[in-house]
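The values are calculated or read from the model by the stated rules, or taken from the named source; none is laboratory data. These figures come from a predicted structure and were not determined experimentally. With ideal geometry, Cβ positions are generated from the backbone for all residues, glycine too; neighbour counts draw on all protein chains shown. The accessibility values were calculated without ligands, DNA or RNA, using every heavy atom of the protein model including side chains. Shrake-Rupley method; radii C 1.70, N 1.55, O 1.52, S 1.80 Å.
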Amino acid sequence: RRWGATAIVLNGRFDEPPRLDFWSPTPDWYAAARTRLERAPEAFERVYEADRFTVYSIHREALERLPGGESLRPFVRAIGPDDRPRRLGPGLPELVAFRLGVTEATHGDTLAGLIEWRAVTPLPAGAYRVAVRFDRALPADVPRAPAGVSKVWRKMVEKVRRERYRFRADHLPTGGAYGVDRWAPIEVVRDTFRIEVPHDVAAGDYTVKVSMTHQPHYPNLRLQDLLSDDDLLDGLEVARLQIARPGGH
């Protein structure tokens with residue numbers, strides 16, 4: 001069958017993201033993405049499907065006629081005089097605001113947060129990913145390693161002590177509903193996320209950091225990203241979270 005000039009390919013054949021592939025969507029993402037496309041078959045024609053691998057041909061004229069495209073999205077507001085955006089880095093949106101909603105949590109709790117972004121200038125198309133990371137210091141009785149190998153040392157300590165001192169959750173900005181390359185400078189884009197506190201993290205005071213990356217599917221990592229905790233995802237400090245053991249012990 002002849003496909004259109006532009007196509008969308010959905011691959012839901014992985015029960016879980018492949019090992020060492022940090023940028024794969026979760027299994028639920030395939031079902032959610034397919035449901036969205038199936039709502040507009042005139043714009044997204046399904047041209048191939050086999051074993052959770054689906055290809056849609058995009059019909060641009062039908063896409064432009066879809067209702068709602070001309071209206072402001074519910075997660076977009078206008079930039080205001082009281083907003084104080086913070087820079088993340090060249091070629092990335094600015095961080096306008098961050099809200100976590102709680103200052104204390106325990107193992108198994110689900111944290112719901114809100115991030116607000118602003119693109120000062122139109123950004124290039126591509127794969128953007130948000131990381132919300134939680135870091136705490138190593139225990140006081142553990143010697144500090146040189147910064148250049150701090151990640152390797154932390155992972156060794158975590159393995160010996162059977163507890164973690166860092167965790168994070170990654171997500172697509174706005175769940176992929178509004179591409180970063182389409183954000184206008186007059187807009188503030190609200191981006192929500194949820195993360196469950198793992199059961200193997202140590203209790204203590206965690207620093208919350210936010211970063212966004214614009215990378216190919218397999219990012220070009222530096223040696224520093226593999227060896228040091230001061231890596232690609234070491235973003236802006238936005239909040240603190242106290243994690244207590246279940247029962248407060």
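For the pair Asp82 and Thr121, the difference between a 0.36 nm per residue extended length and the Cα-Cα distance amounts to 12.1 nm.
A cut-off of 5 Å between modelled amide H atoms, ignoring neighbours fewer than 5 places along the same chain, links Tyr206 with Leu241, Gln242, Ile243. Here the peptides 137-145, 119-127, 170-178 are ranked by packing, the mean other Cβ count within 10 Å, and the order with the highest first is 170-178, 119-127, 137-145. For Glu38, the shell of other residues with beta-carbons less than 13 Å away shows a net charge of +1, using +1 for Lys and Arg and -1 for Asp and Glu.
Between the exposed loop cleavage positions of the chain, defined as GluC sites (Glu not before Pro) in a non-H, G, I, E, B DSSP state with at most 12 neighbouring beta-carbon atoms within 10 angstrom, the longest gap is 71-249. What FRET efficiency do you get for Ala147 and Asn220 if R0 is 22 Å and r is their Cβ-Cβ distance, rounded to the nearest 0.05? My answer for the efficiency is 0.55. Once the Cα atoms are used to define both axes, helix 150-161 deviates from the longest principal axis of the chain by about 70 degrees.
Name the long-range amide H neighbours of Leu111: under 5 Å, sequence gap of 5 or more, or other chain; modelled H, no Pro or chain starts. Here Ile195, Glu196, Val197 satisfy the definition. Only helices enter the 222 nm calculation for the chain: every DSSP H run of n ≥ 4 contributes -39,500 (n - 2.57), and dividing by all residues gives -4000 deg cm²/dmol, rounded to 500.
In the elastic network of the chain, a GNM with C-alpha springs shorter than 10 Å, the most mobile of Arg118, Arg129, Arg36 is Arg36.
Take every Cα pair under 8 Å whose residues are at least 6 apart in sequence, average their separation, divide by the length of segment 105-249, and the relative contact order is 41 percent. Helix 27-38 and the longest principal axis of the C-alpha atoms of the chain enclose an angle of approximately 20°.
Sequentially through segment 220-234, phi angles give Karplus couplings (6.51, -1.76, 1.60; θ = phi - 60°) of 8, 7, 7, 4, 4, 5, 8, 10, 10, 5, 7, 10, 4, 9, 7 Hz, Gly and Pro residues having no value and appearing as x.
Estimated at 0.36 nm per residue, the fully extended path between Ile58 and Arg36 surpasses their Cα-Cα distance by 6.6 nm. Per residue, the chain exposes 59 Å² of solvent-accessible protein surface, assessed with a 1.4 angstrom probe and all protein chains in place. Taking amide H atoms as placed 1.01 Å from N in the peptide plane, the amide H of Val96 lies under 5 Å from those of Arg86, Glu116, Trp117, Arg118, each 5 or more residues away in sequence or on another chain. Here the Kirkwood formula puts the hydrodynamic radius of segment 120-249 at 16.7 Å, using every distinct Cα pair.
Counting only protein heavy atoms and a probe of 1.4 Å, the accessible surface of segment 94-133 is 53% carbon and sulfur. Available extension along the chain between His199 and Asp230 is 8.7 nm, counting 0.36 nm per residue and deducting the alpha carbon span.
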